Structure formats: structure tokens, C-alpha cells
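**Student:** Got a structure here, written out as C-alpha cells. Questions coming.
The values are calculated or read from the model by the stated rules, or taken from the named source; none is laboratory data. Quick caveat: nothing in here was measured; it's all calculated off a predicted structure. Backbone-built Cβ (ideal geometry, glycine too); neighbour counts: all protein chains shown. SASA here: full protein model, heavy atoms, side chains in, ligands and nucleic acids out. Shrake-Rupley method; radii C 1.70, N 1.55, O 1.52, S 1.80 Å.
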Amino acid sequence: MQAELLHEARRQAEICNACRYCEGYCAVFPALHRERAFADGDLTQLANLCHNCRGCYYACQYTAPHEFDLNLPRALAEVRQASWEDFAWPAPLARAFQRNGLMIALAAAIGFAVLFWAARTFLPAGGDGFYAVMAHGTMIAIFLPAFLLPLASLAIGLRRYWRATGGGDIRLSDVAAAFGSAAKLRNLTGGHGDGCNFEDRDRFSHARRHMHQAVMYGFLLCFAATSVATLMHYALDMPAPYGFWSLPKLLGVSGGVLLTLGCAGMVALKLRADRNLGAPSAWGGEIGFVLLLGFVALSGLLLYVLGQTGLMPALLVAHLGAVLAFFLLTPFTKMAHGFYRLAALAREAANQRAVRMTGGETGP
Amino acid sequence: MDGMQASPDVVVIGGGNAALCAAITAAEAGARVLILETAPEPYRGGNSRHTRNFRCMHRGPLGPLTDSYSEDEYLADLMKVTDGRTDDTLARLAIRTSEECLPWMEARGVRFQPSLSGTLSLARTNAFFLGGGKSLVNAYYRTAAGLGVEVLYEAAVTHLNLDGDRIARVDYTCRGQSHSVSPMSVVVASGGFQADLEWLTRAWGAAAKNFLIRGTPYNRGVVLADLLDQGVESVGDPTQCHAVAIDGRAPKYDGGIVTRLDCVPFSIVVNRDAQRFYDEGEDVWPKRYAIWGRLVAAQPQQVGYVIIDAKSLELFMPSVFPPIKADTLEDLAQKMDLPPAALRETVDEFNAACGDTSGFHPTELDGVTTKGLEPPKTNWARPIDTPPYYGYSLRTGVTFTYLGLKVDETAQCSTADGPIRNLWAAGETMAGSILGQGYLAGFGMTIGTVFGRIAGREAAAHAS
Ligand SMILES: Cc1cc2nc3c(=O)[nH]c(=O)nc-3n(C[C@H](O)[C@H](O)[C@H](O)COP(=O)(O)OP(=O)(O)OC[C@H]3O[C@@H](n4cnc5c(N)ncnc54)[C@H](O)[C@@H]3O)c2cc1C
Ligand code: SF4
Ligand code: SF4
């Protein structure tokens with residue numbers, strides 16, 4: 001990581017540590033106040049713990065034009081962004097996609113092409129519905145590796161993260177705490193429960209939290225739909241297509257609607273928010289990622305609605321192409337943040353546990 | 001001129017806590033309110049943007065406050081720090097009203113911290129703002145905007161035209177242009193004069209040139225001076241200001257809370273001749289924070305140097321700037337521009353006077369004292385002998401001045417001939433009416449909130 005980014009985050013963290021006015025907004029400050037000096041790994045951890053709620057920016061009496069020039073959300077965003085690019089395996093892929101919406105669009109286009117080629121080359125010998133366009137076996141041959149490879153890559157990245165932030169063991173309770181916090185997005189409530197500052201300067205609102213919830217739960221519902229369908233296909237010998245009142249459809253349609261709306265809302269909010277309170281150079285990559293995710297959701301929904309029409313084959317290819325790009329890019333786009341965020345929350349739970357065991361903070 | 005700027009009912013001068021409380025109260029009562037704030041928008045909010053808490057009476061648990069804090073106990077705390085130089089009636093009014101202020105603040109967007117690390121001793125008496133004073137100020141500006149209060153930034157009030165027993169006109173400049181308004185009512189909430197170093201020098205002497213101003217550079221006392229010139233009644237000692245010892249590397253203005261240094265009790269403090277000048281261990285630091293401002297002001301060039309060793313580095317809150325560090329005392333002296341031999345001699349003498357340190361306890365008066373040393377160090381006296389050695393410079397940081405406008409229970413100002421019918425004052429600019437000297441943490445925001453609300457109420461009533 002560039003030394004300047006860490007240097008700047010350290011400079012600001014030291015000011016915050018002497019001030020402490022923002023304790024209470026989020027998990028970052030109590031963690032920050034436990035340290036006296038900030039090693040690179042400490043800063044990486046703080047950066048990944050930060051949810052960029054921006055409360056500490058608008059509350060800060062030291063933001064520019066003050067000479068202390070505090071902008072902690074940005075300093076941490078820059079370190080966080082760089083850390084994802086450093087930890088990713090292979091790292092050059094993260095450098096290519098994390099900050100670059102055009103590259104993401106290009107990847108999606110290649111996804112379409114691959115699917116189109118596959119559909120033309122391995123003509124199905126029969127099959128109903130979607131499988132008349134592309135054989136089940138072809139889909140599996142493409143998507144199984146596209147699913148497993150990113151998982152392996154993420155595992156490597158997370159391991160690197162864990163080591164860089166201090167190593168040590170992790171307990172089930174730490175992981176549970178991390179999921180508990182993420183499930184409620186506790187760190188976007190502002191501590192007081194009024195929400196965060198995002199789309200309208202210092203006004204607190206739950207808009208971003210709710211949009212993020214829609215995206216997160218929409219995604220999980222869609223994922224659950226696919227998992228259930230896979231089970232039904234293999235374990236119960238009940239191949240697609242499924243009717244509306246089937247579990248895969250109910251999960252998939254509700255998830256698709258949530259995900260589509262969430263992505264649209266997220267883009268709208270990001271357009272109104274101040275880009276200088278994040279990592280400005282990553283803005284394009286973030287928007288590109290949200291649009292790709294939204295496209296996955298929307299094309300899936302359309303496929304459901306228009307599945308009986310002549311548009312189906314084209315839609316299917318587009319949808320599957322986008323899904324392919326999305327999966328493959330997971331470790332190298334904003335999608336990775338969810339995994340690092342969980343790791344940071346688990347690390348924080350582990351650190352708190354360690355503090356409790358040693359009987360509190362050092363010094364008075 | 002557009003909007004209400006031409007004809008507001010109430011003009012509020014200033015954009016800090018007291019001004020906002022007055023503006024919100026007046027607007028809620030139906031008045032058309034214009035705020036004239038001399039600072040540009042990013043620096044709005046005066047000293048209030050640097051605050052962290054509010055001292056509040058409460059008969060039982062209230063919001064973030066535990067237990068209870070009675071009127072009498074609050075008043076007794078105040079009397080202790082002011083040596084009795086307190087206006088009993090106004091002080092009791094402020095204290096009693098503080099209790100209803102807390103829910104009032106919450107209803108207008110102020111949020112409090114549950115309980116903070118390192119400040120537990122204050123959890124009963126002081127409510128801490130989540131995000132600090134700037135978040136409080138932000139919340140009030142939002143509330144005020146919702147009530148239709150108009151805010152003009154970079155609007156510096158230059159003159160209030162006193163015509164008999166009323167203010168006939170308010171003159172101000174805004175981005176190079178002069179303007180006047182003639183509202184029904186005027187509230188002055190423009191703070192003290194501490195940012196005007198010339199005035200401070202007239203009051204304090206040449207030493208004041210070396211003082212640092214902890215808060216806003218915009219509180220220059222322009223309106224205060226203008227009113228005093230026209231015979232408006234004043235109160236408070238013009239030579240008095242609240243000052244503390246802060247990190248000597250702090251910016252000239254607006255360094256705020258982070259420049260505070262808490263290491264004095266574990267140190268020896270010398271002047272630029274490397275001589276000690278006061279008992280560093282007299283009491284726990286929060287109680288001695290304020291006197292060190294004056295002690296340092298009395299030293300040559302108004303500067304002090306704190307010397308600690310490795311043993312003590314982690315015993316106090318981290319400082320905003322890292323300490324100067326050296327492996328030997330001589331190197332440290334060199335780096336800090338102190339005479340090395342003299343520093344060595346002072347430290348040796350101090351170390352020799354240290355006795356049994358086994359009772360050392362960093363958070364209590366431990367009685368670990370020097371013997372036969374002048375001045376003594378009466379607590380936490382451990383030899384400075386474990387390298388690396390660390391040093392900080394100390395300077396006098398002025399918080400606010402005491403000279404202000406004299407007001408009555410309705411926050412109304414007066415001349416020798418009686419009350420001025422349409423002029424009220426709130427906050428730091430009238431705090432001298434209550435506090436003759438000394439200061440109690442969190443009382444500045446109490447005065448501003450209580451008297452800001454009173455002034456807003458009276459100003460609106462007069463205007464309607
Ligand atoms: C670092 C620091 C920390 C503090 N912490 C606390 C604390 O925790 N709790 C506490 O109770 N007190 C604290 N205080 C004291 C507290 O800041 C003051 O008592 C309080 O803020 C005073 O409020 P005010 O509204 O009267 O003045 P201010 O908040 O200073 O507002 C004065 C306003 O008037 C404006 N102004 C000045 N001149 C003109 C003019 N000519 N025309 C137009 N506008 C003008 C200024 O720009 C400013 O907006 C602290 C002070 C400092 C410096
Ligand atoms: S962001 Fe600003 S106000 Fe908040 S703790 Fe840091 S320095 Fe203090
Ligand atoms: S931006 Fe929000 S989450 Fe990040 S450090 Fe600041 S207050 Fe915490």
C-alpha cells in the first residue's frame with residue numbers, strides 16, 4: 001500500500017485519539033481509543049471497520065479549511081480501498097477492476113459473449129424452458145468454476161487480511177458477533193439511532209442503511225433461490241422450470257425486486273453524496289459494480305416476466321452473462337467489501353474479548 | 001435586499017449555542033428571525049463548536065445522566081471554583097432551568113453520548129454531546145432552518161445604534177458591503193473578546209501577545225466594545241480571562257480540545273532557563289488545568305517545558321502532537337532549546353529529593369512527595385531517570401474573557417438610566433453577570449442555553 005495513505009490515516013487517527021468527541025458514532029472510535037500508536041495493521045483494521053457513515057466528518061470541528069484538515073471517512077476509505085487491492089489474489093485483477101466501472105462493463109460484455117458462444121456451440125439436444133436455450137450441463141460447466149474460483153480467491157484474501165491485522169485465533173462467538181452487526185448494519189445507525197449522514201450533508205437519515213439492507217437481503221434471497229433450486233434439482237430430482245408458488249421462485253422474485261430497487265436507490269444516493277468523503281478514485285468502480293448487480297437482478301426479473309416470449313433466449317444470455325461477470329469479479333470489486341467487513345467486525349469482537357480478558361485498558 | 005433580511009422581527013447577533021437557542025425560541029414563538037454570523041459557513045458556531053458537554057441539574061436519572069445532581073450541590077460546585085464571586089440569583093436561575101434544557105435540546109436534534117471512556121467521573125454532572133459541539137450546532141442550524149430562521153454568514157455586526165432606551169438600528173457588513181436593519185428586537189450572543197489580541201494585550205500586558213486562543217478567531221468583541229462605548233452596563237473584570245496550559249505547538253487560533261496536555265502531574269515543568277517554578281503534583285490535573293495557564297503566562301516568554309521519562313508516557317491521554325523524544329536529558333534539552341547543563345542540574349536535584357515511590361498511584365493523590373525541594377512536588381514525585389526522555393512545550397491558551405454585558409433575570413441589557421427596551425444578551429458575552437472568576441466545566445453551555453432561550457422568548461414577546 002502507498003505509504004502516504006497510511007501516513008495520512010495515522011495522522012488523523014492521532015488527532016481523533018486526542019479528541020474523542022466522536023466516540024459513540026460507530027465501532028471505529030472505541031477501537032481507535034484502545035491504541036496509543038497505530039501500526040499499519042491497526043489502520044487497516046480501523047479502515048475496514050469503518051462503514052463510511054460520515055457522522056464523524058460533519059461533526060468534526062477540524063475539517064478543512066482548518067489546518068488539521070480532518071476527513072476521517074476519506075482517509076479510512078482510501079486505506080480500505082487500497083487494502084482490498086493488496087490482499088486480493090491475484091492482486092492485479094483487483095487493481096484493474098476495483099476503481100474502474102468501464103472495466104466492469106467490459107467484463108460484463110465478455111460474459112455475454114461467452115454465454116452467447118456457449119449457447120451457439122453446445123446446442124442443447126432437447127430440454128424445456130431455459131434448458132432449450134442452453135443445456136443444464138453447459139450451465140454447470142460454466143458456473144461451477146465461476147463460483148468456486150472466486151471463493152478460493154476470497155479465502156486467500158481474507159487469510160491475508162487476518163494475518164495483516166494481527167493473526168491469532170478466531171472464535172465462533174466473534175463470527176456470530178460480526179454477522180449480528182452486519183445483519184442490522186448497526187454501524188450505520190449513528191449510535192443514536194437516527195441513521196447516517198450521506199445524501200444530504202449533516203442530516204441523519206436511514207436512507208442508505210435501508211437501501212443497503214435491500215441490496216444485501218435481496219442478494220441473499222436470490223442466492224437462496226439458486227441454492228434451493230440446485231438442491232431440488234439434484235437431491236429431489238425436480239428440475240426447473242418451477243411455478244410461481246415454488247420456493248425458488250418466491251425467493252427469487254422477492255429477492256430480485258429488493259435487489260433491483262436497492263441498487264437503483266443506492267445509485268441515486270451515491271449521486272447526491274459528496275464524493276470527497278469516500279475514495280474519489282473508486283467512485284466509478286463502485287457505481288459500475290452496483291449497476292452490474294442491479295442488472296443481474298433486473299434481467300433475472302425480466303426473464304421471469306418475459307420467459308414465455310421470444311425475448312427469452314436473448315434475456316437468458318444477457319442475464320447469465322452478467323451473473324458470470326458478477327461472480328468472477330466478486331473478489332476484485334466492491335462485492336469484496338462484505339467479506340472484509342465481516343472479517344473486520346470479527347476481528348473487533350476478538351479484540352474486545354482480549355481486552356475483557358486482560359481486565360480492561362492499559363493505563364488510566 | 002431580498003427575503004426578510006430587510007425587515008426581521010428579531011435580529012440575533014452571533015451563530016453559536018446562545019444565538020441558536022435564542023433564534024429557535026423566538027421563531028417557535030412566531031417571530032421572523034435573522035441570524036447575523038460573522039464567520040463563514042464552515043466556521044460557524046463560535047466557541048460552541050469546540051465544546052463537548054453541558055452541565056445539568058437533575059433530580060433523578062435524566063437522559064444520559066446517572067443518579068441526581070441537586071441545585072444546591074451544583075451551586076456549591078460553582079461557588080468553590082469562583083471563590084464565591086457568583087451572582088446567586090442568576091446562578092440559581094441557570095442551574096434550575098438547566099434541567100428542562102436537556103429534553104429541550106434533544107427535541108431540537110441534539111444527541112448525547114451514553115457514557116464515555118475516561119470521563120466517567122463526569123457522567124453524573126455533565127451530558128456529553130455525541131460528536132461534540134459542532135454536531136450540536138449543526139442540529140440547531142437544521143432546526144432553525146426548518147422554522148424559517150434566516151442565516152446570513154460572513155455578516156459582521158459593526159454597530160448597534162442606541163437611541164435613548166432602544167436599539168434603533170443594527171449595522172453590519174457582508175462580503176464587503178455595508179447594510180443596516182431596524183428590527184423590533186435584538187439579541188447579542190457574539191461571545192467574548194479573546195480573539196482580539198490587542199484588546200487582550202491592553203488588559204493583560206505585553207505577555208498576551210504570546211497567548212494562544214483555543215477557540216474561534218471570530219470572537220473579537222466588536223459588538224461588546226461598541227455597546228460599552230455607548231454606556232451599556234458591563235460586568236466582570238476586564239483583566240480576567242479563563243486560560244489553561246496547552247501544547248505549545250498548537251495553532252494560534254481554533255486548536256480546540258486536542259491541544260490539551262494531561263501529563264503535568266507526572267512531569268517536572270521548567271521555564272526556558274530550565275528552572276522549576278511550581279508544584280506539578282499539587283492536585284489531580286482537571287483541578288489544576290486552569291491555574292497552569294496563568295503560571296506559564298508569568299514565565300519568561302510565556303512558555304513552559306514539560307519533562308517526563310519513559311515510565312510515565314502511557315499514564316495520560318495521548319497528545320495530538322507526539323512528544324519530543326531523546327535518549328539523554330542533554331539531547332532533549334538541545335532539541336527543546338533549553339540549556340542542557342541547567343536542565344541536568346534541575347533534574348538531578350529533583351531526583352535526589354524524591355523518596356520512597358512505592359506508593360505511586362497515577363489516578364489518586366498518592367502523597368509520593370519530594371523532600372527539601374523548593375518548590376516541592378507533593379504527589380506523584382518519581383525520579384526522571386528512565387530513558388528515553390520526552391518533552392512538550394506549554395503555552396497559555398485562552399478560552400474566554402470575563403468582561404461582559406450586565407443582564408437581569410430576563411437577559412435584558414441596561415444603561416445607567418434603566419433597561420434598554422429591545423436589547424437582550426446571552427452566552428459568553430454576558431457570562432460575567434454570573435461568573436466573576438473561575439470556571440466550572442460545562443457551565444458555559446448551560447449559561448448559553450438557559451439565557452439564549454430566555455432572550456429569545458423576551459425578544460419574540462417584545463416584537464409581537
Ligand atoms: C476548546 C474549548 C472547549 C470548550 N468546552 C466546553 C464544554 O465542554 N462545555 C462548556 O459548557 N463550555 C465549553 N467551552 C466554553 C464554551 O465554548 C462557551 O462558553 C460557549 O460556547 C459560549 O457560547 P456563545 O454562543 O456565547 O458563544 P460562541 O459559541 O463563541 O458564539 C459567538 C458567535 O458570535 C459570532 N460573532 C462574534 N462577533 C460577531 C460580530 N461582530 N457580528 C456577528 N457575529 C459575531 C461568532 O462568529 C460566533 O458564531 C469551551 C471553550 C473552548 C474554547
Ligand atoms: S473526527 Fe474530528 S471531532 Fe471526531 S474524534 Fe476525530 S478529531 Fe474529534
Ligand atoms: S465514517 Fe462513520 S463509521 Fe467511519 S469512522 Fe466515521 S463515524 Fe465511524
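**Student:** Could you tell me which of A:Cys26, A:Ala108, A:Cys53 has its Cα farthest along the dipole of the range A:16-118 towards the positive end, charges placed at Cβ (Lys, Arg +1; Asp, Glu -1), taken about the Cα centre?
**Tutor:** A:Ala108
**Student:** With respect to the cross-link table entries A:Lys334/B:Lys252; B:Lys209/B:Lys335; B:Lys134/B:Lys209; B:Lys209/B:Lys311, which display a Cα-Cα separation exceeding 31 Å?
**Tutor:** A:Lys334/B:Lys252; B:Lys209/B:Lys311
**Student:** Normalised by the residues of chain B, what does the relative contact order come to in percent, with Cα pairs under 8 Å and at least six apart?
**Tutor:** Taking the mean separation of contacting Cα pairs over the length of chain B, I get 24 percent.
**Student:** I would also like to ask the following. Taking the Cα centre of each part, how many Å lie between the range A:45-106 and the range B:204-261?
**Tutor:** The range A:45-106 and the range B:204-261 have Cα centres separated by 39 Å.
**Student:** Excluding B:Ala274 itself, what net charge comes from residues whose Cβ is under 13 Å from its Cβ, given Lys and Arg +1 and Asp and Glu -1? Walk me through the intermediate numbers first.
**Tutor:** Values: positive: B:Arg272, B:Arg276, B:Arg344; negative: B:Asp273, B:Glu330, B:Asp337, B:Glu345, B:Asp348, B:Glu349.
Net charge in that neighbourhood comes out at -3.
**Student:** Could you give the nm distance between label points at A:Tyr304 and A:Leu172, where each point is 7 Å from its Cα heading toward the beta carbon?
**Tutor:** Once both label points are built, they end up 3.5 nm from each other.
**Student:** Another question, if that's okay. In whole angstrom, note down how far apart the Cα centers of the range A:181-212 and the range A:272-348 are.
**Tutor:** 22
**Student:** While we're on this one: When ligands, DNA and RNA are left out and all protein chains stay put, how many square angstrom of accessible area per residue does the protein assembly as shown have with a 1.4 Å probe?
**Tutor:** Counting only protein heavy atoms, the per-residue value for the protein assembly as shown is 40 Å².
**Student:** If the rule is a partner Cβ under 4.7 Å, which cysteines in chain A fail it?
**Tutor:** A:Cys16, A:Cys19, A:Cys26, A:Cys50, A:Cys60, A:Cys222, A:Cys263
**Student:** Also: Cα axis of helix A:283-305 to longest principal axis of chain A: angle in degrees, 0 to 90, nearest 10?
**Tutor:** Around 30 degrees separate the two axes.
**Student:** Report, to the nearest 10°, how far helix B:340-353 tilts away from the longest principal axis of the Cα atoms in chain B, using its own Cα long axis and a range of 0 to 90°.
**Tutor:** 80
**Student:** Please figure out what share of the DSSP beta bridges in the protein assembly as shown is antiparallel and state it in percent, rounded to the nearest 5.
**Tutor:** Of all bridge pairs located within the protein assembly as shown, approximately 75 percent are antiparallel.
**Student:** Suppose every Lys and Arg Cβ carries +1 and every Asp and Glu Cβ carries -1, with no other charges. What dipole size does the range A:272-361 come out with about its Cα centre, to the nearest 20 debye?
**Tutor:** Working: 7 positive and 4 negative charges, 33 e Å.
The calculated dipole for the range A:272-361 is roughly 160 debye.
**Student:** If one computes the Cα centroid of the range B:393-462 and of the range B:31-49, what distance in Å separates the two points?
**Tutor:** Here the two parts' Cα centres lie 17 Å apart.
**Student:** Then there is this: Kindly express, to the nearest 10 degrees and within the range 0 to 90, the angle between helix A:312-329's C-alpha long axis and the longest C-alpha principal axis of chain A.
**Tutor:** Approximately 30 degrees, to the nearest ten.
**Student:** Here is a follow-up. Compute the relative contact order of the range A:88-352 as a whole-number percentage, counting only Cα pairs closer than 8 Å that sit 6 or more residues apart in sequence.
**Tutor:** Relative contact order, the range A:88-352: 35 percent.
**Student:** Say the dipole of chain A comes from +1 at the beta carbon of Lys and Arg and -1 at that of Asp and Glu; which of A:Ala336, A:Ser299, A:Gly129 then lies farthest toward its positive end?
**Tutor:** A:Gly129
**Student:** Using a 10 angstrom cutoff on alpha carbons, build the Gaussian network for chain A and name the most mobile of A:Trp162, A:Trp117, A:Trp84.
**Tutor:** The residue that fluctuates most here is A:Trp117.
**Student:** With +1 on each Lys and Arg Cβ and -1 on each Asp and Glu Cβ, and nothing else charged, work out how big the dipole of the range A:88-352 is about its Cα centre, in Debye to the nearest 20.
**Tutor:** On the way: 20 positive and 11 negative charges, 122 e Å.
That gives the range A:88-352 a dipole magnitude of about 580 debye.
**Student:** Give the long-range amide H neighbours of B:Ile35: residues separated by 5 or more places, or on another chain, with amide H under 5 Å away, using H modelled in the peptide plane at 1.01 Å from N.
**Tutor:** When sequence neighbours closer than 5 places are left aside, the close amide H contacts are B:Val12, B:Glu150, B:Val151, B:Leu152.
**Student:** What distance in nm separates the two pseudo spin-label positions at B:Asp385 and A:Phe116, each 7 Å out from Cα along the beta-carbon direction?
**Tutor:** Placing both labels 7 Å beyond Cα along the Cβ direction yields 8.4 nm.
**Student:** Further question on the same structure: Please give the total accessible area that chains A and B bury against each other, computed with a 1.4 Å probe and expressed in Å² to the nearest 100.
**Tutor:** Summing both sides, the interface buries roughly 3000 Å².
**Student:** Using a Gaussian network model of chain A whose springs link C-alpha atoms within less than 10 Å, name the residue from A:His136, A:His51, A:His66 with the highest mean-square fluctuation.
**Tutor:** Comparing A:His136, A:His51, A:His66 in a Gaussian network model of chain A, the most mobile one is A:His66.
**Student:** When the solvent-accessible surface of protein heavy atoms is calculated with a 1.4 angstrom probe, in what order do A:His319, B:His361 fall, highest first?
**Tutor:** Sorted descending by solvent-accessible area, the residues read B:His361, A:His319.
**Student:** Moving to a separate point now. For the range A:88-352, which whole-number percentage of the solvent-accessible area (1.4 Å probe, protein heavy atoms only) is attributable to carbon and sulfur atoms?
**Tutor:** Reported share for carbon and sulfur atoms: 72 percent.
**Student:** Related question: Run lengths n ≥ 4 of DSSP H only: what is the helix-derived mean residue ellipticity at 222 nm for the protein assembly as shown, with -39500 (n - 2.57) per run over all residues, to the nearest 500?
**Tutor:** Calculated from helices alone, the mean residue ellipticity at 222 nm is -14500 deg cm²/dmol.
**Student:** Continuing with this model, one more query. I need to check one value: relative contact order of the range A:80-140, counting alpha carbon pairs closer than 8 Å and at least 6 residues apart, in percent.
**Tutor:** 17
**Student:** Please give the charge dipole size of the range B:244-397, origin at the Cα centre, charges +1 on K and R Cβ atoms and -1 on D and E Cβ atoms. Round to the nearest 20 debye. Provide the component values of the computation, followed by the final result.
**Tutor:** Details: 16 positive and 22 negative charges, 107 e Å.
Dipole size: approximately 520 debye.
**Student:** Right, another one. Which far-off residues, 5 or more places away or on another chain, put their amide H under 5 Å from the one on B:Phe400, with H placed in the peptide plane?
**Tutor:** Those lying under 5 Å, H to H, from B:Phe400 are B:His242.
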